[in-house]
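Dumping the structure here so I can ask a few things about it.
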Amino acid sequence: MIPLHVHSIYSLLRGVCTIDQIIEYAKSFNLSAIALTDYNGMYGLIKFAKRCAEENIKPVVGAFIDEEHNKDINAVILAKNNKGYSELCKLITARKLNDYFSLIKIVNSKPENLFIITSSLTLLEQAVNQENLYAGIYSTGSTRRQMRRLFDLSKTKNVKQVIAHPVYFPRKEDFETHRVLSAIRTNCSLDNISSDEVVDEEFYFKPADSFIKQWKSLPEAVEAIQFIADNCNVDFNFGQLKFPVYPDLNAQSAISMVSSKCYEGLSVRYDEVNDKITSRLNMELSVIDELNFADYFLIVWDIVNEAKRRGMLTIGRGSAANSIVSYCLGITEVDPIKHNLYFERFLNKARSTPPDFDVDFSWKERDEIVKYVFERYGYERAAMISTHVTFRARSAFREVAKVFGITDNEISKLSKFIPWTSAANLPNLARLFPESKTLNLDLEPWKSIIDIVVKIGGFPRHLSIHPGGIIITPAPITDFVALEYAKNKGLGLIITQPDMYSIEDYGLIKIDLLSQRSLGVLRDTMNIISEKS
């Protein structure tokens, strides 16, 4: 295994490596394992692990974690196993949510399921010796004097060494892109960016032979690379759904409770119940039982039922309306028998990803029902899903031009002619879009700016909140994913680090509780009519 840990584009505004580039690199060098250690986060880790599984490469699961108030105290933390992965999710969540997070306390708690690799002299000085702690000897990026101090200190403290080479960009020429991202992150120009915010220009993919040759005097530190890789084994169980559990079964099975409520609903929905209706209901119940979706249906029924109890207007829509179970439970209002709707469009045995319910609420009442979900199922088991806001043509152009020192006035004059499109289209704007035909971006500094913009197009810019996506987990949510505050920390909204695509890939079940202005208008209209009648 090559001695590296990679910071991808999901190391927000730091790394330049995409997941596909990491995988292609691993394949080109026939690597059996490769580590992803993004900065204080695991935003892209599930996507990375899935791609590794597809290419028969072992994903070494980790993160680079530092202390909020002392960035010099930092470490790469790798999960040995699934329990270690859950511990790492909890660590990152604590780092994001707790102002008093202490990495030193974590290290000195001697976690058994984690490897900890540090090049921080401060951390190493205060660390209590433990089996899973390593001093990371960087091949580049540190002065010889620093490495000598680290080496001597690790010997004094009886801490093992391992060769480490962090990667932030695929090739040496991508260093400038890293500098631009760092300037955007710190809101300064390229001329004024602090050297502390930029990594060493040698932190790119390099062949393993160069490290082995460079560190032949430290054979144990080189061998430690393979030892750590061999002992990091996290299984994400892709394809296995992780269902939430409905809490009030009272010794009933979930499917028997769903069945009971559906048969109660038949007499409400139909004046006359015939064999066609009962046959369809029993078929759907059989599939729901076989696929273990009964708890999920009960949870959605519970949410909708609570909303109706509070007098809220709500309606389920989308493919869920194809289900007579949804109809009998009162989740949807369309009769699938009357309209000849196919249940298989919503739920079937061949579907690779789980379906989700889309339930609409008035925009004035949606937050109230979301609060109910958190209180009912536990703040430790529910969270809103994040979206990864990425750079597109106009946003990337403004950000990059700004760090190049271009004034806001100049940027605005040009950016208004840039349509809402992919950054990849920027070099051909005049040909592709009539509104951009007067743009001339072939002169400097615009040409250099456009080159960078195209490279960072699609990179994550920051996290936002999914319009309605919420997940409920069968165990504490930090057993599965790391959490953090949404962009405006003052609002106190906590979201998942992975986005909805990774959430679904991992088998977590999503419910969309959506906010609709039309239901709000309808509610207001009904209130006015009631007042005047």
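The values are calculated or read from the model by the stated rules, or taken from the named source; none is laboratory data. None of these values were measured; they are calculated from a predicted model. For neighbour counting, all protein chains shown are included, and Cβ atoms are generated from backbone atoms with ideal geometry for every residue, glycine included. Quick note on the areas: whole protein, heavy atoms, side chains included, nothing else; ligands and nucleic acids left out. Shrake-Rupley method; radii C 1.70, N 1.55, O 1.52, S 1.80 Å.
Output the number of the condition that Met312 fails; it satisfies all remaining conditions of (1) open to solvent by less than 70 Å² (accessible area, probe 1.4 Å); (2) modelled with pLDDT of 95 or more.
Looking at each condition in turn, Met312 falls short on (2).
Also, I was wondering about something else. For Arg95, work out the one condition from (1) open to solvent by 50 Å² or more (accessible area, probe 1.4 Å); (2) under 18 Å from the mean Cα position of the chain (by Cα) it doesn't fulfil.
Of everything listed in (1) open to solvent by 50 Å² or more (accessible area, probe 1.4 Å); (2) under 18 Å from the mean Cα position of the chain (by Cα), Arg95 misses just condition (1).
With the condition being more than 27 Å from the chain's Cα centre (by Cα), I'd like the helices (runs of 4 or more DSSP H) fully within the stretch 111-209 carrying at least 3 qualifying residues.
The qualifying helices (runs of 4 or more DSSP H) are 121-126, 144-156.
State the number of residues belonging to the stretch 338-369 that are open to solvent by less than 30 Å² (accessible area, probe 1.4 Å) and either closer than 15 Å to Tyr296 by Cα or hydrophobic (A, V, I, L, M, F, W, C) (or both).
9
Next question. Counting just the residues of the stretch 121-159 that are open to solvent by 30 Å² or more (accessible area, probe 1.4 Å) and of a type in the set (Ser, Thr, Tyr), which one comes out modelled with the lowest pLDDT?
Here is the first cut: in the stretch 121-159, the residues open to solvent by 30 Å² or more (accessible area, probe 1.4 Å) are 121-122, 125-126, 128-129, 131, 138, 141-146, 148-149, 151-153, 155-158.
Subset that is of a type in the set (Ser, Thr, Tyr): 122, 138, 142-143, 156.
Values: Thr122: 94, Tyr138: 83, Ser142: 62, Thr143: 68, Thr156: 91.
Restricting to residues being open to solvent by 30 Å² or more (accessible area, probe 1.4 Å) and of a type in the set (Ser, Thr, Tyr), the top hit is Ser142.
Right, another one. Could you list, ordered by first residue, the pairs with Cβ atoms under 8 Å in which the first is in the stretch 24-36 and part of a helix (DSSP H, G or I) and the second is open to solvent by 10 Å² or more (accessible area, probe 1.4 Å), at least 6 apart or interchain?
Sorted first by the residue in the stretch 24-36, then by its partner, the pairs are Tyr25/Leu31; Tyr25/Pro170; Tyr25/Phe205; Ala26/Glu55; Ala26/Ile57; Lys27/Glu55; Lys27/Ile57.
Residue by residue through the stretch 408-453, note down the ones that are free of Cβ contacts under 8 Å to residues at least 60 places away in the same chain, assigned to a helix (DSSP H, G or I) and of a type in the set (A, V, I, L, M, F, W, C).
We begin by selecting, within the stretch 408-453, every residue free of Cβ contacts under 8 Å to residues at least 60 places away in the same chain; these are 408-451.
Those left that are additionally assigned to a helix (DSSP H, G or I): 408-415, 423-432, 434-436, 446-451.
Residues satisfying the conditions are Ile411, Leu414, Ala423, Ala424, Leu426, Leu429, Ala430, Leu432, Trp446, Ile449, Ile450.
Suppose we keep only residues that are in contact (Cβ under 8 Å) with a residue 24 or more places away in the chain and of a type in the set (Gly, Ala, Ser) within the stretch 235-262. Which one would you say is surrounded by the fewest Cβ atoms within 10 Å (Cβ to Cβ)?
Gly239
Okay, moving on. Just for the stretch 393-409: of the residues that are surrounded by fewer than 21 Cβ atoms within 10 Å (Cβ to Cβ) and of a type in the set (D, E, K, R), which one is farthest from Cys188 (Cα to Cα)?
Taking the stretch 393-409 and keeping what is surrounded by fewer than 21 Cβ atoms within 10 Å (Cβ to Cβ), we get 394-395, 398, 402, 404-409.
Filter again for of a type in the set (D, E, K, R), leaving 394, 398, 402, 408.
Working: Arg394: 19, Arg398: 13, Lys402: 8, Asp408: 14 Å.
Filtering first and then ranking leaves Arg394.
Report every pair of residues separated by at least 6 positions or lying on different chains whose Cβ atoms are under 6 Å apart, first residue within the stretch 107-121 and more than 10 Å from Asn74 (Cα to Cα) and in contact (Cβ under 8 Å) with a residue 12 or more places away in the chain, second open to solvent by 20 Å² or more (accessible area, probe 1.4 Å) and part of a loop (DSSP other than H, G, I, E, B).
Cβ pairs passing all conditions: Asn108/Val128; Lys110/Gln130; Asn113/Lys80; Asn113/Asn81.
On the given criteria, is Ile299 assigned to a helix (DSSP H, G or I), open to solvent by less than 70 Å² (accessible area, probe 1.4 Å), under 21 Å from Val334 (Cα atoms) and among the hydrophobic types (A, V, I, L, M, F, W, C)?
Details: assigned to a helix (DSSP H, G or I): yes; open to solvent by less than 70 Å² (accessible area, probe 1.4 Å): yes; under 21 Å from Val334 (Cα atoms): yes; among the hydrophobic types (A, V, I, L, M, F, W, C): yes.
Judged against the criteria, Ile299 is a match.
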